[in-house]
Structures are given as structure tokens and as C-alpha cells.
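The values are calculated or read from the model by the stated rules, or taken from the named source; none is laboratory data. In this text, all values refer to a predicted model and were calculated from it rather than measured experimentally. Don't worry about glycine lacking a Cβ; one is built from the backbone with ideal geometry, like all the others, and counts go over all protein chains shown.
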Amino acid sequence: MKRVALPLLLLLAAMTAHAQISLSTVVGTTETPVTTVYGFGQIALGDTKDVVFRAKNAGTSTVTVSKLAMSGSGFTFAGNPPIPYILAPGGHLDFTIHFAGGTATNYSASLQINTQIVTLLASVVSAPTLSVASPCTGPDSQNAISFGRVQQASSLICTITVTNAQTQQVTLSPITVTGSAFSTSQAAATVIPPGQSISFPVKFNAASAATFTGTLTAGIRTYTLTGTGFSAPLASPQFTFDSSTMSSGEQHTLSVKLSSASPVAASGNITLGFKPASAPIADDSAVQFVASSKRVVSFTVAQGSTSVLLNGQNNATFSTGTTAGVITFTMDAGAFGISGDATASITIAPAPALLTAAGASRVATGLKITLSGFDNTYSVGTFSFSFYDRNGAAMGSPIAANLSTNFQTFYQGQTAGSSFLLLANFPVNGDATQVGGVEVTVTNSAGSTRTQRMSFP
Amino acid sequence: MRRLFRIFTVLSPLPFVVLPVTALAQIHQPVLGMMRDGNSALRPVYGVAASATLGDPVTENVDTFACSNARCFLQSAGTVLTLDADGLRSIADAANGPLALTNEGALLYSSQTGELLRWAPATGWTASAFAIDGLVLSLRSAGGGIGDGIDVALRRDGGLWLEHYSADGSASVFAAVAEDSEQPIHAVHLMESGYLIATEHTVTLVRTDGSTQEFPAEGVRAFFAMADSSIEAVSSQGNWILHLGDSPSWNLLPGVEPLATTAVAVVAQ
């Protein structure tokens, strides 16, 4: 009883497994059921073809794939399927079958998975050979044809040549191109006489800076088409300022145009740099783009435009600070690149001290003079105070004061510019009300500045 | 705060000391005044008008403010605060309305109560009924004190009027501001030397002698007194400084990085 029962149980188990396993082919995420026959189709002589199969447990209990075998010529397993393989309910085993036919004829084989048998068919046929002309390359071993790199918004046409080396004419059909970036004017089918060739163009249009793919099907062969669009560097920028001459203590606007239309919609930054002319000063933080208090402003330029927007505006306002030196603007377009000089410089020349406010007042026992301004040379020190009586006559000689040490101390480590507020008190012996006015001369390394006459109230 | 204290120390009268001339010279960084930055923080502005730098915020959430060289008044969430050499302190808990400076302190007109509030360090607040017909946009003390009454800029009957109110409450119109329907006036600011009006593209300085000067600025919606001689014009595209003097200067004030908004998660208990 046992000798009979065991094979019966195995048979029942195999039948159950057969019923539970469903076979399909897989392309990407698409599964196509396979029943008893599966055709690899026509395959050009010399070509190979791989097909992925999926054995899936469609039942509700575990099943073991204990046999996965192939008999026949031309078909082989790619790799070694891990047999035995236990499939949980819903689980699957993927395996690849590789076809490589040696001669132009029909091929068949039997694929067995457990007790299920599928007949595999393939037909190897002589096919015309395809070649591409420079600058395209290929087809390679993966039947890939490359159009290389093409500047964005331009196109490249490659000539495809198909040669019939056979002794009888060949109808090349279909001839199709897919992919939005690729096109051909070639008819969908054509006859190639024996020993002859035909050529047709395939156009690659690089609409943007990206990699594009498509396919070319010529008869039974399908080729992958690839091409990459790239953006040309931006043309050199033209920096324009609202004034041809600039001095310290001013605000000016910067606007930028490209010398020719931008090939792409691009963006980047314009950086402001400052190098003080006088060594003791490391920097002047007031030299900046004012709206953001920063030394960088972002820019954008539209495709086909020469106008560069700075932080979304037509121009950007910057301060010249209160330090002599060189202000530099540098445009950086990052990966877009810039051809030519992307830098502009402005020299802020050393100048006599500029006084923005001056005042004279009386205090309890003397006079107080207030001066506000800046010295972009950081060398101010010599002051001369000329006092006048109420009738406008000079009162003695001007009083000189050397405040160099005071200013050097004040400017030490200063990075916010050279602006200063000087408060000078003058004790007066006698009747201070006789003093009617004062003029102050301020001298630095670039020259002297004299105030208007200030009246003491 | 320490920098701020120095500002007011510098701008306040110096004690008299008998010393050689050079020793009597003091050098400081000039302060243009205070500004309300794009994040509504009050900051000192240093340097010269066209090349200014900003100090650290003194306080935040400022709605309006007015500063002289010696003192600031500001409104924040309905509270009036004063800022001087002694620091920042609240002087009123619930007072809303246009602020103006006086020689000694500040004026505030409350449209809600119809009261004119006067503040001075010695007396604190004193309130008096002061009926003003219209929406008060700006006010100033006439003559610097309060004895000469106040001037107000107000909207009434669809028009913009500048009126003088004497101390006894009697009113007289001293100017009607012509307003183009296509270029409405968005802000007005009374000051000692005249007044400012802002339309969509222009700020106009009208001096007491009637002369005018225009400055280009987009979308100015408010004016604040930064100091005795400086006015801040606030717009969504940047803040400007009008530095008054013989030749008024008009420059962009440094901007600040917008504050990052923080998402607040509310968890039900």
C-alpha cells in the first residue's frame, strides 16, 4: 500500500502545484500570462533576446518550485535559477531565458516548471545591417544609437544607412521612430534590393538641457536612440551703472544685460566685493546691496532675453561706503557658465573729508562745535578752527588741533566705514558771547575741506 | 542695548570739563536715528545716509514710533513705550493713535476717546478732551510745545485736510491737500519744517514756505521720525531715509533678512 501511495501523493502534490503556479512574462511592471506556447518572434541573425518569466504562486498555500528545466536548442537560462524555491501564497520567482540562434532557421524548446510545460519558439532571420554616420555613434552591442550632446534649442540630423547584404530583396518594415525629441521623414516601409543600401535621416531636437531617449524600429530590429541637450554658456554680462563717476557716501544702481540673448532660462548670483585702498582697514560693511544688506544678489534671465533681473528687479541699489578702494561685481551663473569676462570694477578714489553736518552752539562756559562726516582715507587728523566775532572779523589766528591720535584710536578695528561724529568743546576765557561764528578746516591725505561759517546762536 | 545708550549719551548735552582742546574732542560713530525694519524691529542706523549700517534690534513688534535725538516713543501692541538713555520702558498700557514729539515729550491723539494725551517726564500723561472731526493721520505740536496747540492731518469728507487746533480747541484749516483720484495719498506726516505726503510712486516734501521737492519711491505707506532731522518712509519694497537739511537727501535704508516663519503645532489635550 505504501509503495503505491507515495507516488500517488507526489503526483497529487505536483498537480496541485501545477494548478497553483501561474506563468507570465514581465516587462517593467507589466505581466503577460503565458499558457502553453510562447514565441520570441523573429530575431535578426546574430542578435540575441532575453525574456523575463515569472512563476507566481496563485494559490493559498505554499508551493515549491522543484523543477525548472529547458530542453531544445537556442534557449538557455540566464544565470542559475535557485531551485528548489519555496513560493509563499502570492510570491513569485523571476528567471530569464536567453535566446541566441546560430543560423537563420526556426528554433523551439520546452520549458518545464514543475509539471507545467511551455513550448518556446523563435525564428532567426537574415536582416539588413544598420549603420549610422558621424557625428552619431552606434549601434553598440545593446543596439543603442547616440546623438551625443546638442546645444539646447538646436537639432542634429543623423543619417541612418540600412544595407541588404542578402541575395534577395528585403522589405524593411516597419520604419518607425518614437520619442518626442526624435523624428524621421522616412516612409514606414521600403524595399531594399539585394546588395543595396538605403539611407534616411533621423532628427534629434534638443528642446531643453536634458537627456532624451527614443526608439528606431527598422524591420525586426529596434534601436534605442539617446541624445543630450545642453545649454550654451551665457554671453558675457554688461554691467551698467547710473553714473560714470562714483565717490564714497553715495548710493548707485547696478543693472546688467547680456551681450547676446541667453540660450536658456538661467539664474545665479552677482557678488559684490570690496578691497579697501588703505591697509589699516580690512573692510567697510556699508559697501553692500542696500535692500538686503548683503553682498550678493540673485539674478535670473529668461531664455532668449538679454535683460538680467536682480532679485526680480531691473536694477539693484548699492552703497559705495565711506572707504576708498575698489568695488568689484562678479557674475556667477553656476552650471550655466558664462563666456567672457564676468566682472566689473569701480574705483572709489581717496578724497578730502566730506562733512555731512556741522553745527556750533554755546555751552555753559564755552563753545561746542559738532562735525559729522567721513574720511575715506582714514588719515584725518589736522583740524583748524577759525573764530569770528559778531561783526565777522577774524578773532586772532586759527586754532589748530591735531586729532590724529584720537582718530587713529577711533578707527582702529573699524569695519563699518569712516563716518565720524566729532564733538569739540572750547573753553572760553572772557565774554564768550563776543564769538559770533566759526569755520573749520579738516585735512586728510587727499586734501582739505572747509565748512561754511557757522554762527553761534 | 549698550550701543543704544551710547547714542543718546552722544546726542545729549555734554558735561562741561576744563581740559586742553584735544582732550575735549570726542569722536563717535554718528547715528542717523532709529528705524523700524522690515520685521517691525526698532534698530539704530549708523553712518551717513547713503552708506548706513544697522545696529542690533532694540525692541520688536513695533507698530509706530517717533524719535528725536534724545528720546523715542513707540507703540507696540497697544502699549506706548519710551526709549532714552535710561532704557526702554512702558508709559501707557492702552493708548492707540498717532504719535508726535514735543520739546519735552510726546502727544498722542486717541480717536476712540477723543482725547489728546500729553506726556512729559515730569508729569507723565495728562489727558484732555479734544474733539477732532475726521480720521487723524498725523499730528505735530505747533511751536514745539503744547501751548500753541496742535496741527493735524486728517481725512474728512473724502478729502485730506491740514488743520490747526489751538489750545482751547478752536480749529482752523491751513491747507487742503489736493488729491488725484488716480494717485491717492497713502501716507502723510507732519513735521516741524513742513509735511510729507506719499502717493503710489512719489514722496513729496512740502515745506512751510510752500516749496516742494519730490522723491521717487514705490508704495510708501507710513512715515516715522527717525531723529530730529531724519524721516523713515516705509514701503513694501524697502525703507527710505529722508535726511532733512539745506539739501535734503533721499536714500534707501539697509534692509534686513525676513524672519523665518515658524510652524507652531497645536496639540489637542
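Filtered by the rule that a residue be more than 60 Å from the chain's Cα centre (by Cα) and crowded, with 18+ Cβ neighbours inside 10 Å, the stretch A:361-393 gives A:L367, A:K368, A:F385, A:S386, A:F387, A:Y388. The one condition from (1) of a type outside the set (V, I, T); (2) surrounded by fewer than 17 Cβ atoms within 10 Å (Cβ to Cβ); (3) without any contact (Cβ under 8 Å) to a residue 24 or more places away in the chain that A:S247 does not meet is (3). Does the stretch A:420-432 contain at least one residue that is buried (at least 20 other Cβ atoms within 10 Å of the Cβ), of a type in the set (V, I, T) and within 12 Å of chain B (Cβ to nearest Cβ)? No: the stretch A:420-432 contains no residue that is buried (at least 20 other Cβ atoms within 10 Å of the Cβ), of a type in the set (V, I, T) and within 12 Å of chain B (Cβ to nearest Cβ). Residues in the stretch B:112-151 that are of a type in the set (S, T, Y), at pLDDT 85 or above and assigned to a strand (DSSP E or B): B:T126, B:S138, B:S141. Put simply, of A:S123, A:S146, A:S134 the only residue that is farther than 15 Å from A:L45 by Cβ, assigned to a strand (DSSP E or B) and among the hydroxyl-bearing types (S, T, Y) is A:S146.
Hey, can you tell me all the residues within the stretch A:293-308 that are in a strand (DSSP E or B) and under 18 Å from the mean Cα position of the chain (by Cα)? Please lay out each step first, then the result.
Quick first cut of the stretch A:293-308, residues in a strand (DSSP E or B) only: A:294, A:296-301, A:307-308.
Within the stretch A:293-308, A:V297, A:S298, A:F299, A:T300, A:V301, A:V308 meet the criteria.
Take A:T320 and tell me if it is among the polar types (S, T, N, Q), surrounded by fewer than 18 Cβ atoms within 10 Å (Cβ to Cβ) and either within 20 Å of A:P276 (Cβ to Cβ) or modelled with pLDDT of 95 or more (or both).
Values: among the polar types (S, T, N, Q): yes; surrounded by fewer than 18 Cβ atoms within 10 Å (Cβ to Cβ): no; either within 20 Å of A:P276 (Cβ to Cβ) or modelled with pLDDT of 95 or more (or both): yes.
Here the answer is no, as A:T320 does not meet what is asked.
Quick grid of which residues meet (1) on the phi < 0 side of the Ramachandran plot; (2) within 13 Å of chain A (Cβ to nearest Cβ); (3) modelled with pLDDT of 90 or more:
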residue	(1), (2), (3)
B:T212	yes, no, yes
B:S235	yes, yes, yes
B:S249	yes, yes, yes
B:P254	yes, yes, yes
B:A263	yes, no, no
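Based on this model, can you work out whether A:G437 counts as in a loop (DSSP other than H, G, I, E, B) and either surrounded by 14 or more Cβ atoms within 10 Å (Cβ to Cβ) or without any contact (Cβ under 8 Å) to a residue 40 or more places away in the chain (or both)? Walk me through it before giving the result.
Details: in a loop (DSSP other than H, G, I, E, B): no; either surrounded by 14 or more Cβ atoms within 10 Å (Cβ to Cβ) or without any contact (Cβ under 8 Å) to a residue 40 or more places away in the chain (or both): yes.
No: the conditions fail for A:G437.
Those strands (runs of 3 or more DSSP E) of the stretch A:343-417 in which at least 3 residues are modelled with pLDDT under 95, considering only elements entirely within it, cover A:354-363, A:366-374, A:382-389, A:399-402.
Residues in the stretch A:283-305 that are away from chain B (no Cβ under 13 Å) and either in contact with a helix residue (DSSP H, G or I) (Cβ under 8 Å, 6 or more places away or on another chain) or of a type in the set (A, V, I, L, M) (or both): A:V301, A:A302.
Within the stretch A:254-282, the residues that satisfy the criterion of being part of a strand (DSSP E or B) and more than 14 Å from chain B (Cβ to nearest Cβ) are A:S255, A:V256, A:K257, A:L258, A:A266, A:S267, A:G268, A:N269, A:I270, A:T271, A:G273, A:K275.
Looking at the structure I just gave you, is B:A25 within 17 Å of A:A291 (Cβ to Cβ), at the interface with another protein chain (Cβ under 8 Å from one of its Cβ atoms) and among the hydrophobic types (A, V, I, L, M, F, W, C)? Talk me through it step by step, then tell me what you get.
On the way: within 17 Å of A:A291 (Cβ to Cβ): no; at the interface with another protein chain (Cβ under 8 Å from one of its Cβ atoms): yes; among the hydrophobic types (A, V, I, L, M, F, W, C): yes.
No.
Taking into account only those residues within the stretch B:206-244 that are without any contact (Cβ under 8 Å) to a residue 40 or more places away in the chain and out of contact with any strand residue (DSSP E or B) (no Cβ under 7 Å at 6 or more places or on another chain), which is nearest to B:L83 (Cα to Cα)? Selected residue: B:S236. Only one entry in A:S154, A:S141 is under 30 Å from A:A261 (Cβ atoms) and surrounded by fewer than 16 Cβ atoms within 10 Å (Cβ to Cβ), namely A:S154.
Condition test on A:V256, is it modelled with pLDDT of 90 or more and among the hydrophobic types (A, V, I, L, M, F, W, C)?
Numbers: modelled with pLDDT of 90 or more: yes; among the hydrophobic types (A, V, I, L, M, F, W, C): yes.
When the stated conditions are applied, A:V256 passes them.
For the stretch B:49-68, a tally of residues being away from every other protein chain (no Cβ under 14 Å) and assigned to a loop (DSSP other than H, G, I, E, B) returns 6.
If a residue must be farther than 14 Å from A:T451 by Cα and within 10 Å of chain B (Cβ to nearest Cβ), how many such residues does the stretch A:366-375 contain? Walk me through it before giving the result.
Here is the first cut: in the stretch A:366-375, the ones farther than 14 Å from A:T451 by Cα are A:366-368, A:375.
Cutting the leftovers down to within 10 Å of chain B (Cβ to nearest Cβ) gives us A:366, A:368.
Final tally of qualifying residues: 2.
Considering the conditions (1) among the aromatic types (F, W, Y); (2) within 12 Å of chain B (Cβ to nearest Cβ); (3) on the phi > 0 side of the Ramachandran plot, A:Y378 is excluded by exactly one of them, (2).
Tell me whether the stretch A:316-334 contains one or more residues that are among the polar types (S, T, N, Q) and free of Cβ contacts under 8 Å to residues at least 12 places away in the same chain. No, that holds for no residue.
Among the residues of the stretch A:12-57, the one identified as modelled with pLDDT of 90 or more, loosely packed, with under 15 Cβ neighbours inside 10 Å, over 24 Å from A:T217 (Cβ atoms) and aliphatic (A, V, I, L, M) is A:V37. Only a single item in (1) at pLDDT 85 or above; (2) under 21 Å from A:A291 (Cα atoms) is not met by B:S229, and it is number (2).
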